[in-house]
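Following: one structure in C-alpha cells, then a few remarks.
The values are calculated or read from the model by the stated rules, or taken from the named source; none is laboratory data. Quantities reported herein were computed from a predicted structural model and do not represent experimental measurements. With ideal geometry, Cβ positions are generated from the backbone for all residues, glycine too; neighbour counts draw on all protein chains shown.
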Amino acid sequence: MFDSTTINSNIKLNPACNGMLQKSHPKSRFISMTTGSNLYASVFNNDGGEEPFILKGASGSTNKVKITVIQVMVFGDKNCICEIVFNEDLK
C-alpha cells in the first residue's frame, strides 16, 4: 500500500531564533536585561534567598517591589527580555 524508502544521512540545521512575546496580563510590562547585571540578579535570584524583585522609583531607589516573571525570551549570548507583573497587581 505505501512505498517506503530508507535514507541514512546526517542533517544539521542551524535555524535563526524565531519567536514572539505577547503580553499575557493586562498590568504586565516588559523589561530587557543582560545576564550578570544587577537587574538580572534581582529577577533571577539563584541563591534562593529572596523573592524576585525590581527597584521601583528614581535611580538609586531602594524601594523593592516583589514581581512574578511570566515569560522570558533569551537572545544573543547574554540578553533577555522578560514579561513581569508586580505581585500586588496579581490580586
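Within the option set 13, 21, being assigned to a loop (DSSP other than H, G, I, E, B), farther than 19 Å from residue 87 by Cα and modelled with pLDDT under 65 holds for one residue only, 13. Among the residues of region 44-91, those identified as among the β-branched types (Val, Ile, Thr) and either closer than 15 Å to residue 21 by Cβ or loosely packed, with under 12 Cβ neighbours inside 10 Å (or both) are 62, 69, 70, 72, 74, 81, 84, 85.
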